[in-house]
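**Q** Sharing a structure below in structure tokens format, with a few things to ask.
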Amino acid sequence: VGDRMRTAAEDALGTNGQRLPTTVESLLTRRETDSAPLYAKIRQTSIQPTPKLTEIVAAADELGATKLGREIATARQMQFTLDTSQPGKWQMSDLDHVKQGIDQVLSSRKAMNADGTLTPLGHAYQSLKTRLVGELDTATTNPQTGESLYRNAREAFSEPSKLIDAAKAEIVFIPALQVS
């Protein structure tokens, strides 16, 4: 049963007979290759915040997500210039770091139950993130093509990430099958 499950998992992941570390490494490379040019464009994009986006970012700031976003940017040696008290355009790279700050808040113990499901507070954090992402997708949508630069960048990053997660799950799942 274990061999059949491993073969099925390898087929589902499209490893073409490669060992898992090689597959994960190629997925990491693909994730970087596919998303890097799009995120480079994001770093060069600024937007005029809508009142709705301003409210969302203010809530994220109250939760500490903006501070976490600033720390992420600093650790990456990137500028973080978001100042919600100043009128004018906001940098998309700053807003993406705020989204990542919300991701960090979402991974806190207050947001997750022991079984990995979201607590009511976690659902509220997730809702805030969803609204932020929706606003950023809308703000970066090309009116001629209907394509969102931010959505495309996130998708280019997340598709290989999903396969990496599935590959890591295979590592945990398959040995468990062989033992039983």
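**Q** Solvent-accessible area per residue for segment 34-161 at a 1.4 Å probe radius, Å²?
**A** Result: 56 Å² of accessible area for each residue.
**Q** Related question: Full extension from Leu28 to Gln126: what is 0.36 nm times the residue separation minus their Cα-Cα distance, to one decimal in nm?
**A** This chain segment gains 32.7 nm when fully extended.
**Q** Take Thr74 and Asp103, extend 7 Å from each Cα along the Cα→Cβ direction, and tell me the distance between the two endpoints in nm.
**A** Here the modelled spin labels are 2.0 nm apart.
**Q** I want to check the label-to-label distance for Asn113 and Glu155. Put each point 7 Å from Cα in the C-beta direction and report it in nm to one decimal.
**A** It works out to 3.3 nm between the two label points.
**Q** For segment 48-121, give the percent of accessible area contributed by carbon and sulfur heavy atoms, probe 1.4 Å, rounded to a whole number.
**A** Looking at segment 48-121 in its full context, I get 52 percent from C and S.
**Q** Would you please name the GluC sites (Glu not before Pro) within segment 100-159 that are DSSP coil residues with at most 15 other C-beta atoms within 10 Å of their C-beta?
**A** Sites meeting the loop and neighbour criteria: Glu147.
The values are calculated or read from the model by the stated rules, or taken from the named source; none is laboratory data. These figures come from a predicted structure and were not determined experimentally. Reconstructed Cβ throughout: ideal geometry from the backbone, glycine too, with neighbour counts over all protein chains shown. Surface areas here come from the heavy atoms of the whole protein model, side chains and all, with no ligands, DNA or RNA. Shrake-Rupley method; radii C 1.70, N 1.55, O 1.52, S 1.80 Å.
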